[in-house]
1. Residues in segment 109-116: is at least one touching a Leu at 6+ places or on another chain (Cβ under 9 Å) and modelled with pLDDT under 90?
2. Which one of ASP74, ASP79 is acidic (Asp, Glu) and assigned to a loop (DSSP other than H, G, I, E, B)?
3. How do the pairs read when you match residues in segment 122-151 that are outside the structural domain of PHE112 (by TED's automatic domain parsing) with residues anywhere that are surrounded by 15 or more Cβ atoms within 10 Å (Cβ to Cβ) and assigned to a helix (DSSP H, G or I), using Cβ under 7 Å and keeping only pairs 6 or more apart or on different chains?
4. Among the candidates ASN42, ASN83, ASN77, single out the residue that is free of Cβ contacts under 8 Å to residues at least 24 places away in the same chain and on the phi < 0 side of the Ramachandran plot.
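The values are calculated or read from the model by the stated rules, or taken from the named source; none is laboratory data. In this text the structure is predicted, and so the values were computed from the model without any measurement. All Cβ positions, even for glycine, are placed from backbone atoms using ideal geometry, and neighbour counts span all protein chains on display.
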Amino acid sequence: MKSLEGFRNTFHYDPRTGDIFWKVRRGPVKAGTRITNRWPSNGYGRIRFDGREYPAHRVAWLLYYGQWPKGQIDHINRDRVDNRIVNLRVATASENSCNRDRPRRWMKGVTFIRSIGKFQAQIKKDGRSRYLGVYPTEREAHEAYCAAAHLIHGEFARVI
């Protein structure tokens, strides 16, 4: 991995907008040009530097704090290209997975058990599922999930 000095000599990061700019000319790209590359497979911004690609949010963290992040970086508002420093936080894999959209079919944390005609609530933490009970309505099961999410995941809980 490249050093902090190498990145700081090559890039400028604006923490208010989350944009990263070239400080030096690179072939046809002029100094001061904003970097807008994205990985098509996952939508995250990327920075190509000395033959390697780096996630833009990790480069933003490096340029702002002066060290590579320990762990994953979570985009608080879930916008994968919003790299403003106020939108980035270090997270474990489990915490990062809490900040996802709800499933399309049922409310988050809820599955329908067809054999009994009821809704089951469950939550995951560190790769383990925790059973929260069976409820007559989807809403009640989701409320049980929400209560558990706030206790287990704290600020990373996303219950929508």
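1. Scanning segment 109-116, I find at least one residue that is touching a Leu at 6+ places or on another chain (Cβ under 9 Å) and modelled with pLDDT under 90, so the answer is yes.
2. Of ASP74, ASP79, the one residue that is acidic (Asp, Glu) and assigned to a loop (DSSP other than H, G, I, E, B) is ASP79.
3. Pairs found: none.
4. Answer to the check: ASN77.
A quick yes/no check of all residues on (1) among the small types (Gly, Ala, Ser); (2) loosely packed, with under 14 Cβ neighbours inside 10 Å:
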| site | (1), (2) |
| --- | --- |
| PRO55 | no, no |
| ARG58 | no, no |
| GLN72 | no, no |
| ARG78 | no, yes |
| GLY109 | yes, no |
| ARG114 | no, yes |
| GLU140 | no, no |
| TYR145 | no, no |
| HIS150 | no, yes |
